[in-house]
Amino acid sequence: MTRVFHHDHHSKGDQSASDEGKPIAFIPHDEAGHRRAANRALALSALGLFATGGLELVLAVLTHSVGLLSDALHNLSDVSTSAVVFLGFRISKRQPSPRFTYGYERAEDLAGLGVALVIWGSAVFAGIESYRKLVDHVATTHLGWGMAGAVIGIVGNQVVARYKGSVGRKIQSATLVADARHSWLDAVSSLGALVGLILVAMGHPLGDPIAGFAITVFIAHVGYEVTSDVVAHLMDGVDPAILARSESAAANVPGVLSATVRGRWTGRSLRLEVVPEVEPTLTVGASASLAHRVEREVLQSVVEARFVDVRVQPADRPS
Ligand SMILES: [Zn+2]
């Protein structure tokens, strides 16, 4: 549970976030049970993918298939993603300290940077190996075993996708459902490795390095998406639609003439700074209770917001 840092900041707890690093749909009841279910689904999926990627890696070494190697690296970097996200999540739960007064939630964003590095590293490695296979004309051997490896990749990712999808829909977790879609796409990537090996079996040895390059591009795409997400968070980027919703919620409170809102993410917590303009003649007591109403209104209408800081400002000219 997130703590309330100042007496005038109200925490909404963890209801608008999941354990995986992204904001998710609002979960109305049994929050703790849902979080446990999400955690279990992610942990079991990571184990399944670890087994899948490990088997593929062994068969890639046996067969010299770079398509299979790239797919194995992709699956294993997905596993490391879950591991790093879990670690970041654990650190981010620590209470604020005299030095880190906003808490440790940015640990999740730093963990995200680590994840991005792992993904880019495996893309570079897969690309180099595919290039070497292309120019060195190394033969792909044990084609049957290689195809079996690619089939393991397809089946493993499909099973994980179905499992995460069914748990995600049951507990209404948008993150898990999105993760299931990712695993479904990863099964398509394994299918690419299989197609490459079938081409080799049909007498087209370039099928495998081409599959390797295709999967490399796929890994790079995932790397780009993860990196742009994490960098946007670290740069305090907030969806303008969320800010617009916050401004109109604040402006709807009687007594508020207009309102400006700024926001930033720390980990999965969105912090909003709301500045409502009011009549300069408003008393201190009245403006304090108005600030309280603005805070409640914004927290209610913006599900993503975790902390709302209201600073009432007298308008330049009374209207
Ligand atoms: Zn993936």
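Based on this model, can you work out whether VAL253 counts as of a type in the set (A, V, I, L, M, F, W, C) and either closer than 20 Å to PHE50 by Cβ or within 16 Å of the ligand (Cβ to nearest atom) (or both)?
Details: of a type in the set (A, V, I, L, M, F, W, C): yes; either closer than 20 Å to PHE50 by Cβ or within 16 Å of the ligand (Cβ to nearest atom) (or both): no.
For VAL253, the condition - of a type in the set (A, V, I, L, M, F, W, C) and either closer than 20 Å to PHE50 by Cβ or within 16 Å of the ligand (Cβ to nearest atom) (or both) - is not met.
Rundown of residues vs (1) crowded, with 23+ Cβ neighbours inside 10 Å; (2) within 28 Å of SER173 (Cβ to Cβ), yes/no style:
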{"residue": "ALA43", "(1), (2)": "no, yes"}
{"residue": "LEU47", "(1), (2)": "no, yes"}
{"residue": "LEU59", "(1), (2)": "no, no"}
{"residue": "ALA83", "(1), (2)": "no, yes"}
{"residue": "ILE91", "(1), (2)": "no, yes"}
{"residue": "GLN95", "(1), (2)": "no, yes"}
{"residue": "GLU108", "(1), (2)": "yes, yes"}
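Conditions tested, residue by residue: (1) within 15 Å of the ligand (Cβ to nearest atom); (2) not small (Gly, Ala, Ser).
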position	(1), (2)
ILE154	yes, yes
VAL160	yes, yes
GLY168	no, no
ALA178	yes, no
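Can you say whether LEU62 is of a type outside the set (Asp, Glu) and within 16 Å of the ligand (Cβ to nearest atom), as far as the supplied structure shows? Outline the logic, then answer.
Values: of a type outside the set (Asp, Glu): yes; within 16 Å of the ligand (Cβ to nearest atom): no.
The answer is no for LEU62.
Does segment 63-78 contain at least one residue that is touching a residue at least 40 places away in the same chain (Cβ under 8 Å), β-branched (Val, Ile, Thr), buried (at least 24 other Cβ atoms within 10 Å of the Cβ) and more than 30 Å from TRP265 (Cβ to Cβ)?
Kept after step one, since they are touching a residue at least 40 places away in the same chain (Cβ under 8 Å), are these residues of segment 63-78: 63-78.
Now narrow it down to the ones that are β-branched (Val, Ile, Thr): 63, 66.
Then keep just the ones that are buried (at least 24 other Cβ atoms within 10 Å of the Cβ); that gives 63, 66.
Right, trim to more than 30 Å from TRP265 (Cβ to Cβ) and you get 63, 66.
Within segment 63-78 (the criterion being touching a residue at least 40 places away in the same chain (Cβ under 8 Å), β-branched (Val, Ile, Thr), buried (at least 24 other Cβ atoms within 10 Å of the Cβ) and more than 30 Å from TRP265 (Cβ to Cβ)), the answer is yes, since at least one residue qualifies.
Under 7 Å between Cβ atoms, at least 6 apart or on separate chains: pull out the pairs that start in segment 204-216 with a residue that is surrounded by fewer than 24 Cβ atoms within 10 Å (Cβ to Cβ) and end on any residue that is of a type in the set (S, T, N, Q).
Matching pairs, first to second residue: PRO205/THR140; PHE213/SER130.
Restricting the first residue to segment 218-234 and requiring it to be closer than 18 Å to GLY88 by Cα and touching a residue at least 40 places away in the same chain (Cβ under 8 Å), which pairs with a second residue that is near the ligand (Cβ under 10 Å from one of its atoms) and assigned to a helix (DSSP H, G or I) meet a Cβ separation below 9 Å and a spacing of at least six or different chains?
Taking only residues 6 or more apart or on different chains, the pairs are VAL226/THR81; VAL226/ILE119; THR227/ILE119.
Can you tell me which of SER189, SER183 is within 16 Å of the ligand (Cβ to nearest atom), out of contact with any Lys or Arg (no Cβ under 7 Å at 6 or more places or on another chain), of a type in the set (Ser, Thr, Tyr) and part of a helix (DSSP H, G or I)? Let's see the steps before the verdict.
On the way: SER183 fails: out of contact with any Lys or Arg (no Cβ under 7 Å at 6 or more places or on another chain).
Selected residue: SER189, the only one of SER189, SER183 that is within 16 Å of the ligand (Cβ to nearest atom), out of contact with any Lys or Arg (no Cβ under 7 Å at 6 or more places or on another chain), of a type in the set (Ser, Thr, Tyr) and part of a helix (DSSP H, G or I).
Every number here is computed from the coordinates shown, using simple stated rules; none is lab data. Owing to the predicted nature of the structure, the values given are computational and were not obtained by experimental measurement. In this analysis, Cβ positions are derived from the backbone assuming ideal geometry, glycine residues included, and neighbour counts consider all displayed protein chains.
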